[in-house]
Amino acid sequence: MTAHITANTITINQQMDAFDGHHSVWLFGYGSLIYKADFPYLERRPASISAWTRRFWQGSHDHRGTPEAPGRVVTLIEQAGAVCHGMAYLITPEVFAHLDHREKNGYLRLPITITFNDGSDKQGLVYIAMPDNAAYLGAASEQEIARHIARSAGPSGPNADYLNLLANALRELGQADAHIFEIEQHLALLAPSE
Ligand code: BEZ
């Protein structure tokens, strides 16, 4: 399949103008943003988005793998009726420059409705790696994904650390995610290089 979107999405994200003129913007995090907030924020609240589900279907060339041996990280897949739980951050627009660089491997910023645990909602943004990006890997069984994660590592460390940090962060939020927890169980049974 032809990949239409370059693996480096910094320029495309800089052209995203949905919140131009706003002093602050809500950002929904569903992956590493849940447990790694290496940026300043005004407020942080557990939240969810509807009709998207979290999947380890995106390749990582720059954090948990390399261009020659990409790791697997999460993206969101559209699914009617699904709810994806995560963490929302209220940030100032300058912070996007840092995040666009951190998440440059195929992720685009898209507008989304973010629902907080009290039922209120706000318009905000989310980074999603779409199936037409060059680093996309697509579906595999949870066992295959666990095997892939077990043998992958990149500049940010072992791919297994990313999975385990995410699973622990979801447990801390009190949110079960069958896909993530099933991969975690398979991974726990594997030696690091399998
Ligand atoms: C997130 O945690 O929301 C996130 C995951 C992958 C890329 C960018 C953001």
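Things worth noting here:
- Given (1) open to solvent by less than 50 Å² (accessible area, probe 1.4 Å); (2) touching a Phe, Trp or Tyr at 6+ places or on another chain (Cβ under 7 Å); (3) of a type in the set (A, V, I, L, M, F, W, C), index of the condition Ala139 fails: (1)
- Gln185 meets the stated requirement of being open to solvent by 50 Å² or more (accessible area, probe 1.4 Å) and over 15 Å from Val25 (Cα atoms).
- Among (1) closer than 21 Å to Gly174 by Cβ; (2) open to solvent by less than 10 Å² (accessible area, probe 1.4 Å); (3) in contact with a Leu (Cβ under 8 Å, 6 or more places away or on another chain); (4) of a type outside the set (Ser, Thr, Tyr) - the single one Leu99 does not satisfy: (1)
- Members of the range 115-131 found to be under 16 Å from the mean Cα position of the chain (by Cα) and open to solvent by 20 Å² or more (accessible area, probe 1.4 Å), listed by number: Met130, Pro131
- Total residues in the range 62-77, condition closer than 14 Å to Gly29 by Cα and either open to solvent by 50 Å² or more (accessible area, probe 1.4 Å) or in a loop (DSSP other than H, G, I, E, B) (or both): 0
- Candidates Ala150, Ala146, Ala169, Ala134, filtered to the one that is of a type outside the set (Val, Ile, Thr) and either under 17 Å from Glu78 (Cα atoms) or within 14 Å of the ligand (Cβ to nearest atom) (or both): Ala169
- Test: residue in the range 106-114 that is within 20 Å of Phe39 (Cβ to Cβ), open to solvent by less than 50 Å² (accessible area, probe 1.4 Å), more than 12 Å from the ligand (Cβ to nearest atom) and not in a strand (DSSP E or B): no
- Close pairs (9 angstrom Cβ cut-off, 6 or more residues apart or separate chains): closer than 16 Å to Ala97 by Cα and within 9 Å of the ligand (Cβ to nearest atom) in the range 30-45, of a type in the set (Phe, Trp, Tyr) and open to solvent by 20 Å² or more (accessible area, probe 1.4 Å) anywhere: none
- Out of Glu172, Glu144, Glu184, sole residue that is assigned to a helix (DSSP H, G or I), out of contact with any Cys (no Cβ under 7 Å at 6 or more places or on another chain), over 22 Å from His63 (Cα atoms) and modelled with pLDDT of 95 or more: Glu172
- Residue that is touching a Gly at 6+ places or on another chain (Cβ under 7 Å), surrounded by fewer than 21 Cβ atoms within 10 Å (Cβ to Cβ) and not aromatic (Phe, Trp, Tyr), where the choices are Ala176, Ala134: Ala134
The values are calculated or read from the model by the stated rules, or taken from the named source; none is laboratory data. None of the values given here were measured: they were computed from a predicted structure. Every residue, glycine among them, receives a Cβ derived from its backbone with ideal geometry; neighbour counts consider all protein chains shown. Just so you know, the surface numbers come from the protein's heavy atoms only, side chains and all, with ligands and any DNA or RNA stripped out. Shrake-Rupley method; radii C 1.70, N 1.55, O 1.52, S 1.80 Å.
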